[in-house]
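Report on the structure given below.
The values are calculated or read from the model by the stated rules, or taken from the named source; none is laboratory data. All values reported here derive from a predicted model rather than from experimental measurement. Here the Cβ positions follow ideal geometry from the backbone for every residue, glycine too, while neighbour counts run over all protein chains shown.
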Amino acid sequence: MNLSLLIILPFITLLAILLVRGLKQVRTIALAGSALQLLLVLALLYLYREERAAGNNAAFIFEDGYIWYRSLGINYHVGVDGISIAMILMTALVVIAGVLVSWKMEKMNKEFFFLLIFLSLGAYGFFISLDLFTLFFFLELAVIPKFLLIGIWGSGKKEYSAMKLALMLMGGSALVFVGLAGLYFNTSVNGAHSFDLFDVANQHIPVGVQRVFFPFAFVGFGIFTALFPFHTWVPDGHSSAPTAASMFLAGISMKLGGYGCLRVATFLMPEAAKEYSTIIIVLACIAILYGAFATMMQNDLKYINAYSSVSHCGFILLGIGILTRTSINGAVIQMVSHGLMTALFFAAIGMIYDRTHSRQVAQLGGLMKMMPFISTVFVIAGLCSLGMPGLSGFVAEMTVFMGSWEKSDMFYRIATIVACASIVVTAVYILRAVGSAIMGPVKNSGYLPLKDAGWNEKLAAGLLIVGILVIGIAPLYLTELINPGTDIIMNVINKAVTK
Amino acid sequence: MKQELLVTAIIFLLLFIKLSTKEWKVETSLTVINILLFLNLVSGFFYIRTGTLFGDMFRTSELLAFEKNILNLGTFIISLQSYSWLKQHKHVPEFFMLMLCTLLGMFFMLSSNNLLMFYLGLELSSIPLAAMANFDLEKRHSSEAAMKYIMSSAFSSGLLLFGISMLYGATGTLNFDEIAGQLTTQNSLQVFSFILLLAGFGFKISAVPFHLWTADVYEGSPVAVTSYLSVISKGSVLFVLVSVLYNVFRGLDASWYKMLFLISVLTMVIGNLFALRQQNMKRFLAFSSIAQVGFILIGITGESIEGSASVIFFIMVYVFSNLAAFGVISLVSAATGREGVDDYKGFYKTNPLLSWILAIALFSLAGVPPTAGFFGKFFLLLAGAGKGNYWLITIAALNMVVSLYYYLRVVKAIFMDDNESPVEKIHAPLSPKIAMLVCTAGIILTGLMSGAYNYIHSLLK
């Protein structure tokens, strides 16, 4: 299969959106485009499994590429392994759900859907890139649409949040750039430098060099995925953004960082990853606990989910930092699971806000009576977030904990216990929000005539819930998919010897 | 020599138009001039000859022809953009005569292989600019800008001449190739003369600490002249700077590397810090262009083929990006006279297309993909890192974040802020439309298509 289709299809959708006018036409095109994306990704999944079943053991399948800037060793080079397919699948689900929940977006609808699809283009490109330049290109590509989406369609202190987000993410990619440049100048293929992932991986980057550039790359990508103490853009950005943009931000773009930490920082600089793993684990644990406690103090539903994202993304970094096969698997599952779960959560919050025009837990109450569907969605997202067995959150967190428990060192034990403790805190804030906003008596009689979800909202939530349930009930499919990818990374890590 | 002759021919043609008894209509003469400039641009791509003339004083090569084409293109775009402004002006042929004279000067400067020829070209390219800066004849600001420009220009020329004479004393020759053979860092007189030359260059490209004239001159001049100053004039001097540093002063590279390091960091930081709080669009672009020069100097420190390729490529991209921004500003300025950043609040409501063009131009200046500016900045920093100095590119990368803030501030004003009296809908005449189309296409395509960079790289080998 030609992977470039994943970029071409959104691009054609963009052109089509430019040509039409009026909300009805624009949203139809956007929906058609994102539905085609989903079909394409499902086809990709199917073909990938066929290929693997036929015995193709290459690290990356469907490789494709052409020479871009020959003299600089910059090529367009794409390919997928199980990890990227899992991320792409998650992206496609979130994109279509995002388009569906924005069905009634009146204000500047053309620009809105244009930017949404543009964001998805960036995400697909990022996940299929096997060239560090293309990867970086797509990483930065997604920053400006986020700025515009939050700044134009957001609520609250939107300009401030948009600017903060854009600058912090740009700062992150500035650090990533330095890291990539360091890698680039330490590769030599036939006397020239190269940005190709394989070329860099095949060269043994000297440990001294890794020690310098690993922090750049890891912190740079880490900013995208709310690495403590660079997480401050997350609460503001998420809570100011319009619903679909929140879903994209938390669901997709925070995962760009996690994927980059894994694929670029850890995979290409394994020795340094081992050396710095203590620091990463400590920072991740702080993010997990701090995020959870900070969430307890929030009264705004969006802030609750935003801070809990900081906490949950901590698990991704924790899994990467622990560096065992199981924990890295857990990190990837957590990326997919959190992507779906948080998108579902934001979708539910958006639907509630559209109707009640309030996001304050204290003002809402008894929503289950008026809108049983939305309320159920909210509860499912909440339960997934607190790690209820049968939903994806449980699988992801459990895998990370099992991975970290494999290491018998006292430090890892303590880290695991600290991270586990956060689940209790998660239960407190989720159950409080559910109990006060969804259950109980109706606090505001003005809410009584409100209607439940429309077909588009039901479809959006349904798609995401299916994803969450499949991972939760049959995690084997996902782990089977990502295992070969994790094995490659683990091979490199196991070979890496530190002093 | 062909490109120089063509420009000279156009200058004389304009002179005849001016002197003829028949009074030409302004629109007609503008159209004729634009057609002439277009022909001039196109012809630059054909029959490229290489060689030397005038006893080795003047040389041409494919690379130089390409650089001249970039300048031609920029001049053509500016001429298209200044349509709305010049339509109300009485002295159209004079304006273009002055502009083409400076262009001619730049061509000679680029092709010079001798310090005197270089100096001649430089002077020819800067003195008429002072008259151009004064072209809003009734405005006091305009004359003030012209005065400031001529003073600083004279001062920098003085420094350059002093440096040239010292260098002549130290080496006994004015020919670039012969000078290159004699330079060593051991000779402190040579290093001293080089510092004077670099200071002279610093003035022309407004590198910190020689930048103080820039903002006032940019603000006071008409928009067309501001864009000419910031793009064409600066670009030509940067072209020369790269080739002079790499070819003539390569013997002194140990010392100029350190100087450029310091100057580039200062230029980026100070340009950025001052750009943060500017309220006038032209002033804001002036400071942002100072910061851009800082990035270009980083590419120069790389001292490799990639270094000069990235600089030339970036200047080409910079021509497109900066001229697209100036194009919108000049339209708004000609239609309403408003030039403040706050005047652009709510601009999107009334002028969506112009807003997107301005936004794309600003994104390109900020170096955000998929615009060509991203590629340009990336290659500059990559070239700068080639010598293994990662501190420099770390500082530069973080400076890009700072610069993003002020570009986004304008974008925020355009798209997000409300305004009770936004700029009304502007109906652009045909020629500015063409100019903006060319610029936008350039911004989007030159990066994604690798052809331009690869061509430049192939010329340098």
* Which one of these is in contact with a helix residue (DSSP H, G or I) (Cβ under 7 Å, 6 or more places away or on another chain) and either surrounded by 20 or more Cβ atoms within 10 Å (Cβ to Cβ) or at pLDDT 90 or above (or both): A:VAL20, A:VAL26? -> A:VAL26
* To do: Go over the candidates A:TYR76, A:TYR69, A:TYR124 one by one and state the one that is under 29 Å from B:TYR453 (Cα atoms) and more than 10 Å from every other protein chain (Cβ to nearest Cβ).
  => A:TYR124
* To do: Considering only region A:52-67, state which residues are touching a residue at least 40 places away in the same chain (Cβ under 8 Å) and not in a loop (DSSP other than H, G, I, E, B).
  => A:ARG52, A:PHE62, A:GLU63, A:ASP64, A:GLY65
* To do: Scan region A:141-160 residue by residue and report those that are of a type outside the set (A, V, I, L, M), more than 7 Å from every other protein chain (Cβ to nearest Cβ) and under 22 Å from B:TRP356 (Cα atoms).
  => A:PRO145, A:LYS146, A:TRP153, A:GLY154, A:LYS158, A:TYR160
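If we scan region A:106-114, do we find a residue that is in contact with a strand residue (DSSP E or B) (Cβ under 7 Å, 6 or more places away or on another chain), more than 10 Å from chain B (Cβ to nearest Cβ) and farther than 27 Å from B:LEU404 by Cα?
No, region A:106-114 contains no residue that is in contact with a strand residue (DSSP E or B) (Cβ under 7 Å, 6 or more places away or on another chain), more than 10 Å from chain B (Cβ to nearest Cβ) and farther than 27 Å from B:LEU404 by Cα.
Can you find even one residue in region A:232-240 that is out of contact with any Cys (no Cβ under 9 Å at 6 or more places or on another chain), assigned to a loop (DSSP other than H, G, I, E, B) and at pLDDT below 90?
So far as region A:232-240 goes, yes, one or more of its residues are out of contact with any Cys (no Cβ under 9 Å at 6 or more places or on another chain), assigned to a loop (DSSP other than H, G, I, E, B) and at pLDDT below 90.
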* Structure fact -> Considering residues that are surrounded by fewer than 23 Cβ atoms within 10 Å (Cβ to Cβ) and within 19 Å of the chain's Cα centre (by Cα), the number found within region A:147-157 is 0
* Go over the candidates A:ALA287, A:ALA265 one by one and state the one that is in contact with a Cys (Cβ under 9 Å, 6 or more places away or on another chain), aliphatic (A, V, I, L, M) and either in contact (Cβ under 8 Å) with a residue 60 or more places away in the chain or in a helix (DSSP H, G or I) (or both). => A:ALA287
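One line per residue, one yes/no per condition, for (1) more than 11 Å from chain A (Cβ to nearest Cβ); (2) crowded, with 23+ Cβ neighbours inside 10 Å; (3) touching a residue at least 24 places away in the same chain (Cβ under 8 Å); (4) of a type in the set (S, T, N, Q):
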{"position": "B:GLY346", "(1), (2), (3), (4)": "yes, no, yes, no"}
{"position": "B:LEU365", "(1), (2), (3), (4)": "yes, yes, yes, no"}
{"position": "B:THR371", "(1), (2), (3), (4)": "no, yes, yes, yes"}
{"position": "B:LEU380", "(1), (2), (3), (4)": "yes, yes, yes, no"}
* Is it true that A:PHE214 is at pLDDT below 90 and more than 10 Å from every other protein chain (Cβ to nearest Cβ)? -> no
* Structure fact -> Note on A:ASP487: of the conditions (1) over 19 Å from A:MET87 (Cα atoms); (2) part of a helix (DSSP H, G or I); (3) touching a residue at least 60 places away in the same chain (Cβ under 8 Å); (4) more than 20 Å from the chain's Cα centre (by Cα), unmet is (1)
* All but one of (1) of a type in the set (Phe, Trp, Tyr); (2) more than 13 Å from chain A (Cβ to nearest Cβ); (3) farther than 17 Å from B:VAL438 by Cα hold for B:PHE326, so report the exception by its number. => (3)
* To do: Please go through region A:188-198 and pick out each residue that is free of Cβ contacts under 8 Å to residues at least 60 places away in the same chain and in contact with a Ser or Thr (Cβ under 9 Å, 6 or more places away or on another chain).
  => A:SER188
* Asked: How about region A:127-140: which of its residues are within 12 Å of chain B (Cβ to nearest Cβ) and out of contact with any Leu (no Cβ under 7 Å at 6 or more places or on another chain)?
  -> A:PHE133, A:THR134, A:LEU135, A:PHE137, A:PHE138, A:GLU140
* Asked: Tell me, which residue of region B:385-396 that is at pLDDT below 90 and more than 9 Å from every other protein chain (Cβ to nearest Cβ) is surrounded by the most Cβ atoms within 10 Å (Cβ to Cβ)?
  -> B:LEU392
* Asked: Which residues, taken from region A:158-211, are closer than 25 Å to A:GLU275 by Cβ and under 21 Å from the mean Cα position of the chain (by Cα)?
  -> A:GLY171, A:GLY172, A:SER173, A:ALA174, A:LEU175, A:VAL176, A:PHE177
* Give just the number: which of (1) surrounded by fewer than 24 Cβ atoms within 10 Å (Cβ to Cβ); (2) under 15 Å from B:VAL411 (Cα atoms) does B:SER304 not satisfy? => (2)
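Taking A:PHE118, is it under 14 Å from A:ALA245 (Cα atoms), buried (at least 19 other Cβ atoms within 10 Å of the Cβ) and either at pLDDT 90 or above or away from chain B (no Cβ under 14 Å) (or both)? Lay out the reasoning, then the answer.
Working: under 14 Å from A:ALA245 (Cα atoms): yes; buried (at least 19 other Cβ atoms within 10 Å of the Cβ): yes; either at pLDDT 90 or above or away from chain B (no Cβ under 14 Å) (or both): yes.
When the stated conditions are applied, A:PHE118 passes them.
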* region A:426-471: number of residues that are among the acidic types (Asp, Glu) and either assigned to a loop (DSSP other than H, G, I, E, B) or in contact with a Lys or Arg (Cβ under 7 Å, 6 or more places away or on another chain) (or both) -> 1
* To do: Restrict the check to region A:184-202 and report whether at least one residue is part of a helix (DSSP H, G or I) and facing another protein chain (nearest Cβ under 8 Å).
  => yes
* Structure fact -> Within region B:405-460, residues being within 14 Å of chain A (Cβ to nearest Cβ), over 25 Å from the mean Cα position of the chain (by Cα) and farther than 30 Å from B:LEU86 by Cβ number 5
* For region A:70-153, please list each of the helices (runs of 4 or more DSSP H) lying entirely inside it that holds at least 1 residues being at positive phi. => none
* List pairs: first in region B:241-267 and of a type in the set (Asp, Glu), second part of a helix (DSSP H, G or I), Cβ under 8 Å, 6+ apart or cross-chain? -> B:ASP253/B:LEU245
* Within region A:297-327, tally of residues that are surrounded by fewer than 23 Cβ atoms within 10 Å (Cβ to Cβ) and within 30 Å of A:SER408 (Cβ to Cβ) -> 3
* To do: Scan region B:280-304 and report the pairs whose first residue is closer than 14 Å to B:PHE210 by Cα and whose second residue is among the basic types (Lys, Arg) and not in a loop (DSSP other than H, G, I, E, B), with Cβ atoms within less than 9 Å and a gap of 6+ or a chain change.
  => B:SER289/B:LYS234; B:VAL293/B:LYS234
* Could you please find all residues in region B:305-323 being of a type in the set (Phe, Trp, Tyr) and either in contact with a Leu (Cβ under 7 Å, 6 or more places away or on another chain) or within 14 Å of chain A (Cβ to nearest Cβ) (or both)? => B:PHE313, B:PHE314
